[in-house]
1. From the list Leu232, Leu247, Leu201, exactly one residue is surrounded by 15 or more Cβ atoms within 10 Å (Cβ to Cβ), touching a Leu at 6+ places or on another chain (Cβ under 8 Å) and either part of a strand (DSSP E or B) or of a type outside the set (Phe, Trp, Tyr) (or both). Which is it?
2. Just to be sure, is Ser18 exposed (fewer than 15 other Cβ atoms within 10 Å of the Cβ) and of a type in the set (Ser, Thr, Tyr)?
3. Pairs only if they're at least six apart or on different chains, beta carbon under 9 angstrom, first in the range 342-363 and more than 19 Å from Arg96 (Cβ to Cβ), second surrounded by fewer than 17 Cβ atoms within 10 Å (Cβ to Cβ) and of a type outside the set (S, T, N, Q); list them, first residue then second.
4. Going by the structure shown, is Leu105 within 21 Å of Asp193 (Cα to Cα), touching a helix residue (DSSP H, G or I) at 6+ places or on another chain (Cβ under 8 Å) and aliphatic (A, V, I, L, M)?
5. Mind checking which residues of the range 54-95 are among the charged types (D, E, K, R), at pLDDT 90 or above and surrounded by 14 or more Cβ atoms within 10 Å (Cβ to Cβ)?
6. Among Val302, Val235, which is within 25 Å of Arg327 (Cα to Cα) and touching a residue at least 12 places away in the same chain (Cβ under 8 Å)?
7. Conditions: (1) modelled with pLDDT of 90 or more; (2) crowded, with 20+ Cβ neighbours inside 10 Å; (3) farther than 30 Å from Ala225 by Cβ; (4) among the β-branched types (Val, Ile, Thr). Ile98 meets all but one. Number of the miss?
Amino acid sequence: MDKEMQILQHIRHNPFISQQELADLMGISRSAVAGYIAQLTKRGEIKGRAYVLRDEGSIACIGGANLDRKARGKQQVRLHSSNPVTIMESCGGVARNIAENLGRLGCKTSLFTSIGEDKEGEWILQETRKHGVDISQVWRLPTQRTGTYTALLDIDGEMVVSLANMDIYDALTPEMYADKWSHIASAQAIFLDTNVPADCLAYIIERCRKESIPLFVDPVSSAKAKKLPQRLDGVEAILPNREEAELLAGMSIGSIEECAEACRRIRERGVKRVIVTMGEQGIYYQAEDADEQFTPYPTEVVDVTGAGDAFASGLLYGYVNGESFERACQLGLAASALTLKTEQSVSPLLRPEQLEQTVDQYEKER
């Protein structure tokens, strides 16, 4: 196949592809690509270049979409023994949960994930679409099984152990994200979880840095946080829990002072803002010009699953609506409080007016 035909094939596949991307794919110089495109345009093969504008208020969520199973003990869970439980199934995955949360909050949201061609995957997509999430860019991988996440909860709702089967995400490549980049980059902000492979994480972080797209990262777990590159330039904010922050900073955290030092170390890797979620102690937020601890909003705790995802969703909702980071953190805490009081990982109580009322009421009572 000659060079002109190759260029046309790439452009048909991705009308938003840049000349440099074409050059990289074909192993020739950008100036050579420009010459071929000039000839193709002159002959009428190419009638113009497609451009896409950033969609204000929209959020692209990249990462996991799984079938969640929650087994809740009917009495105190005993390890190495049979335990009576009740089992619930629901749609899960960090990126998917956040996409649904944002859809419930009225944000224009798109999901970039992968599912198998199985009934679990189709159910996840249909349920997610019901809440206004754009699922048109999801990869369906016929040789893979949709991811599953199983959590064992104690009688008080605290997680005892979780089991994850996420092999499907190992099939994702940077090239697959490059093919969809025009859709991803049209968002006002991008959320990324670490279910995707390490080379994909590095690719997305670097492109967001180059193109100045606000990127929010959830490390998901200590094991998956290890996949993040050492340099995190291009990350607007990272949202680890205490354990993940310890791994990212290379130190233990036993006090707020140590949490502040850990955040400083993480920011030295290039992150603009670090927000550590600390359960009953609330969150600790640090940027170059700000640091603050926010206490959690009082609420009845029914189930802790999904509280972290809810916090990230409230934060993103505040960010794309032009709120300060401090106010966005408060909206995140409100979303977390509303989720803690339900058994669902994604709370049906999440609505913009509920978030605002929860924050305003708490501020009045302080």
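The values are calculated or read from the model by the stated rules, or taken from the named source; none is laboratory data. Owing to the predicted nature of the structure, the values given are computational and were not obtained by experimental measurement. With ideal geometry, Cβ positions are generated from the backbone for all residues, glycine too; neighbour counts draw on all protein chains shown. The protein model used for the area step is the full one, side chains on, heavy atoms only, and it has no ligands, DNA or RNA in it. Shrake-Rupley method; radii C 1.70, N 1.55, O 1.52, S 1.80 Å.
1. Leu201
2. Judged against the criteria, Ser18 is a match.
3. Going by the 9 Å Cβ cut-off, the qualifying pairs are Arg351/Gly106; Pro352/Gly106; Val359/Arg327; Tyr362/Pro298.
4. Details: within 21 Å of Asp193 (Cα to Cα): yes; touching a helix residue (DSSP H, G or I) at 6+ places or on another chain (Cβ under 8 Å): yes; aliphatic (A, V, I, L, M): yes.
So Leu105 passes the test.
5. Hit for the range 54-95 is Arg72, nothing else.
6. Val235
7. (3)
Conditions (1) charged (D, E, K, R); (2) in contact with a Leu (Cβ under 6 Å, 6 or more places away or on another chain); (3) farther than 20 Å from Asp218 by Cα, marked per residue:
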{"residue": "Gly93", "(1), (2), (3)": "no, no, no"}
{"residue": "Glu100", "(1), (2), (3)": "yes, no, no"}
{"residue": "Thr113", "(1), (2), (3)": "no, no, no"}
{"residue": "Glu117", "(1), (2), (3)": "yes, no, yes"}
{"residue": "Glu120", "(1), (2), (3)": "yes, yes, yes"}
{"residue": "Leu125", "(1), (2), (3)": "no, no, yes"}
{"residue": "His131", "(1), (2), (3)": "no, no, yes"}
